[in-house]
1. Which ones in region 196-220 are in a loop (DSSP other than H, G, I, E, B) and either at pLDDT below 95 or touching an Asp or Glu at 6+ places or on another chain (Cβ under 9 Å) (or both)?
2. What number of residues in region 256-277 are part of a strand (DSSP E or B) and farther than 22 Å from Ser106 by Cα?
3. Is there any pair with a first residue in region 229-253 that is at positive phi and a second that is hydrophobic (A, V, I, L, M, F, W, C) whose Cβ atoms are under 7 Å apart and which are 6 or more apart or on different chains, and what are they?
4. Which members of region 201-227 meet the condition of being within 20 Å of Gly278 (Cα to Cα) and open to solvent by 40 Å² or more (accessible area, probe 1.4 Å)?
5. Pick from region 21-51 the residues that are of a type in the set (Gly, Ala, Ser), open to solvent by 40 Å² or more (accessible area, probe 1.4 Å) and not in a loop (DSSP other than H, G, I, E, B): which of them is farthest from Val95 (Cα to Cα)?
6. Being surrounded by fewer than 22 Cβ atoms within 10 Å (Cβ to Cβ), in contact (Cβ under 8 Å) with a residue 60 or more places away in the chain, assigned to a helix (DSSP H, G or I) and charged (D, E, K, R): is that true of Arg54 here?
7. Does Gly159 count as at positive phi and not in a strand (DSSP E or B)?
8. I'd like the full set of residues that are assigned to a strand (DSSP E or B), small (Gly, Ala, Ser) and surrounded by fewer than 21 Cβ atoms within 10 Å (Cβ to Cβ), limited to region 163-191.
Amino acid sequence: MTPNDPSDSPWSDLERPPLDAASLSRALVRPESLWTSLEVVDSTGSTNTDLAARAARGEAREGQVLVAERQTAGRGRLERTWTAPARSGLFLSVVLVPEVPAERWSWLPLLAGVATASALSRTAGADVVLKWPNDVLVRSGDEERKIGGILSERVERPGGPAAVVLGIGLNVTLREEELPVPGAGSLALAGARVTDRDTLLRAVLRSLQEWYGRWRDADGDPEASGVREAYTAGCATLGRRVRAVLPGERELLGEAVAVDDGGRLVLAGGEGVQQPVGAGDIVHLRPGSEGV
């Protein structure tokens, strides 16, 4: 796509107006707010990559928010890439500097999932659930479709404490023919009552501030902050038989029975043996099936 491609124009699709950066900043960047700046760019490779580079140079402070109208090299877990049409979703990253024990930082992507799901459920009226560890799903009838994901990266900063760059990507108005893979979806396709991206972005960031504040004030304790209770209540993975595809292409089959103190998924396999899974792809299995 060339820089002068007409599809890059903010008004090339009247059903997808651009974000109002000035209004968003007025609403979210306040003296008492976690958010210290909010920048909207027309296009970038990856908001996470951009903010991580700034943090590594010492140019990012806690509360910076970067939003892209279009990502050309958005990153998910395991360095997977994905793209979406301009202004069809929310593609954002934030900088956090958690003053809590580092071993509790693994809860941040789960916390972000809770914040995102609760914001979308409340604001858009969608039936949003979570798939461990970082997928956002929407239910429509008997279907569960992935509408988003979360990526968390630790970044060392010169002369200061390490930061976390937390990225959130959500499909808002993608149409059926625009979906990147089978099993994907969007808020619009799920019949959400609100698809205005300004409204949704404000809701997500306010919810993230609230949950991050609770977790930080509790020194990162998932119990005292209520994060684990909220996550387990909204996690569609728990109570289901799953296949875990682990690093090195190893696989585990079992029932997802809990999320442990470190945010790991606990699987109960044969003879009741329980094993925590800290990283991997989780496939929800249908009853009586070993497939997806």
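1. Once the filter is applied, which keeps residues that are in a loop (DSSP other than H, G, I, E, B) and either at pLDDT below 95 or touching an Asp or Glu at 6+ places or on another chain (Cβ under 9 Å) (or both), region 196-220 yields Asp219, Gly220.
2. 0
3. Cβ pairs passing all conditions: Gly239/Ala256.
4. Asp221, Glu223
5. Ala22
6. Against the criterion (surrounded by fewer than 22 Cβ atoms within 10 Å (Cβ to Cβ), in contact (Cβ under 8 Å) with a residue 60 or more places away in the chain, assigned to a helix (DSSP H, G or I) and charged (D, E, K, R)), Arg54 does not qualify.
7. yes
8. The answer is Ala184, and nothing else.
The values are calculated or read from the model by the stated rules, or taken from the named source; none is laboratory data. Note that the coordinates shown come from a computational prediction; the quantities given were computed from them, not determined experimentally. A quick note on method: Cβ atoms are made from the backbone with ideal geometry, for glycine too, and the neighbour counts reach across all protein chains shown. Surface accessibility is based on the protein's heavy atoms, side chains included, excluding ligands, DNA and RNA. Shrake-Rupley method; radii C 1.70, N 1.55, O 1.52, S 1.80 Å.
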